[in-house]
Amino acid sequence: MDWGLHNRMARFVKPVTGHTVMLAADHGYFMGPTRRLENPHLTLEPLLPFADAIAVTRGVLRNSVPAISDVPIVLRVSGGVTVLKEDLSDEAITTSMEDALRLNASAVALSVFVGAAHEHQSLVSLAELVDEGEAYGMPVMAITAVGKELEKRDARYLSLACRVSAELGAHLVKTYYCEEFEKVVEGCPVPLVVAGGPKLDTDRAVLELCAGAIAKGAIGVDMGRNIWQSDHPVAMIQAIRAIVHEKATAREAIQMLELGKKASPPRSVPA
């Protein structure tokens, strides 16, 4: 791996543990002002000290993240469709590699839609982005998006999507946790991070998902709504960090979360 590319990866995949806690906050690019992400600055500010990286668009980065922040940036560079469309797979590259470099991104990310109407377009975009990333020393994260078809989140489908992404050169892949997740890991020769997806029903479910993913081979998580839609987002991200970096069990993390809830101030972001 090129030195610059390796150096950028090491900013957010911590060398001491080999793991990462990424905070996803790029939902607005197709969902608009998502609940509790209406004002990205207010949502992100208390969480930045606990995130190994934040995933955002260039618009949110420029307008909602202080330039003095040293948190690594995973820059969302695909888009072009909104939730008003039935088919979310009609994406293209919307941010240039040059702009990613100007913004000092540590990685760039785009969605791939395996099996969707615009599968070919998204996979070719990934390959082209990897070519640019290799030229500039920029890691590329492929996100195995499923659009609105959440039933696709099974080991067979995700194994295919992750392996294809790795074959096309992605340096890491963001995917979903599922039953037999270890098979997804075994079939993918690059590191995997796990998405949280829609807000889960309970805190326990969030932490058990994190613990299961790490136990079965993920190098970390890239979560958004299950952190910043929590009533206690700081306590939640700290509990997740304990699982990812300190090998805490889900039970230990739940106990930590409960203690954190008692100590954390009321959230300032509107419910």
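Where a number appears in this text, it was derived from the coordinates with a stated rule and is not lab data. Everything numeric in this text was worked out from a predicted model, so none of it was measured. Note that we place each Cβ from the backbone using ideal geometry, even for glycine, and neighbour counts take in every protein chain shown.
Looking at region 114-127, can you tell me whether even one residue there is out of contact with any strand residue (DSSP E or B) (no Cβ under 7 Å at 6 or more places or on another chain) and of a type in the set (Ser, Thr, Tyr)? No, there is no match, as no residue in region 114-127 is out of contact with any strand residue (DSSP E or B) (no Cβ under 7 Å at 6 or more places or on another chain) and of a type in the set (Ser, Thr, Tyr).
Going through (1) under 27 Å from ASN7 (Cβ atoms); (2) touching a residue at least 40 places away in the same chain (Cβ under 8 Å); (3) touching a Lys or Arg at 6+ places or on another chain (Cβ under 6 Å) one by one, CYS188 falls short only on (2). When each of ILE68, ILE54 is tested for being assigned to a loop (DSSP other than H, G, I, E, B) and either touching a helix residue (DSSP H, G or I) at 6+ places or on another chain (Cβ under 8 Å) or more than 21 Å from VAL173 (Cβ to Cβ) (or both), the lone residue that passes is ILE68. For LEU200, the conditions (1) of a type outside the set (S, T, N, Q); (2) in a loop (DSSP other than H, G, I, E, B); (3) under 15 Å from ALA142 (Cβ atoms) all hold with the exception of (3).
State yes or no: is ALA242 in a helix (DSSP H, G or I) and in contact with a Phe, Trp or Tyr (Cβ under 6 Å, 6 or more places away or on another chain)?
Numbers: in a helix (DSSP H, G or I): yes; in contact with a Phe, Trp or Tyr (Cβ under 6 Å, 6 or more places away or on another chain): no.
When the stated conditions are applied, ALA242 does not pass them.
Taking into account only those residues within region 19-51 that are assigned to a loop (DSSP other than H, G, I, E, B) and hydrophobic (A, V, I, L, M, F, W, C), which is nearest to the chain's Cα centre (by Cα)? Please lay out each step first, then the result.
Filtering region 19-51 down to residues assigned to a loop (DSSP other than H, G, I, E, B) leaves 25-27, 32-39, 45-47, 51.
Adding the requirement that they be hydrophobic (A, V, I, L, M, F, W, C) leaves 25, 37, 47, 51.
Values: ALA25: 8, LEU37: 15, LEU47: 15, ALA51: 11 Å.
Taking the candidates together, the pick is ALA25.
In this structure, does ALA142 turn out to be of a type outside the set (Ser, Thr, Tyr), closer than 23 Å to ARG153 by Cα and part of a strand (DSSP E or B)? Criteria met by ALA142.
Listed residues LYS216, LYS199, LYS183; which is of a type in the set (Lys, Arg), free of Cβ contacts under 8 Å to residues at least 40 places away in the same chain and either surrounded by 20 or more Cβ atoms within 10 Å (Cβ to Cβ) or under 20 Å from PHE50 (Cβ atoms) (or both)?
Details: LYS216 fails: either surrounded by 20 or more Cβ atoms within 10 Å (Cβ to Cβ) or under 20 Å from PHE50 (Cβ atoms) (or both); LYS183 fails: either surrounded by 20 or more Cβ atoms within 10 Å (Cβ to Cβ) or under 20 Å from PHE50 (Cβ atoms) (or both).
Result: LYS199 is the single residue among LYS216, LYS199, LYS183 that is of a type in the set (Lys, Arg), free of Cβ contacts under 8 Å to residues at least 40 places away in the same chain and either surrounded by 20 or more Cβ atoms within 10 Å (Cβ to Cβ) or under 20 Å from PHE50 (Cβ atoms) (or both).
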